[in-house]
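Take a look at the structure set out below.
Throughout, read-outs are computed from the coordinates displayed, never taken from laboratory work. Note that the structure is predicted; figures quoted are calculated from it, not measured. Cβ coordinates were reconstructed from backbone atoms using ideal geometry, including for glycine residues, and neighbour counts include every protein chain displayed.
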């Protein structure tokens with residue numbers, strides 16, 4: 001069985017994946033879908049937004065995003081920046097458990 005910290009990070013990543021789907025777009029991370037009521041939706045993020053920063057860490061690919069997310073915990077509020085068209089949008093996202 002894995003270490004508790006490793007399990008916590010896996011659960012956090014799983015929860016985020018359940019809230020939103022991502023796809024690679026020219027080596028960037030783009031929201032393919034944002035579910036109603038999810039932390040991303042509550043923060044005003046939309047399908048098509050491209051992650052450029054998560055918690056002051058630049059995001060250039062899915063690995064960058066995964067690493068940045070794993071450094072945080074459920075209940076943390078993080079500042080994210082996304083590119084929407086030609087506009088940079090900043091939003092505060094509260095990392096929470098998925099609500100059925």
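Spin-label point model (7 Å from Cα, Cβ direction): what's the residue 77 to residue 94 distance in nm?
About 0.8 nm, to one decimal.
Give, in nm to one decimal, the length gained when the segment between residue 35 and residue 56 is fully stretched (0.36 nm per residue of separation minus the Cα-Cα distance).
That works out to 5.1 nm of additional length.
If I model a spin label as a point 7 Å beyond the Cα along the Cα-Cβ vector, how far apart are those points for residue 70 and residue 46 in nm?
Placing both labels 7 Å beyond Cα along the Cβ direction yields 3.3 nm.
When ranked by the protection proxy of mean other Cβ atoms within 10 Å per residue, highest first, what sequence do the peptides 37-45, 78-86 form?
Ranking the peptides 37-45, 78-86 by packing returns 37-45, 78-86.
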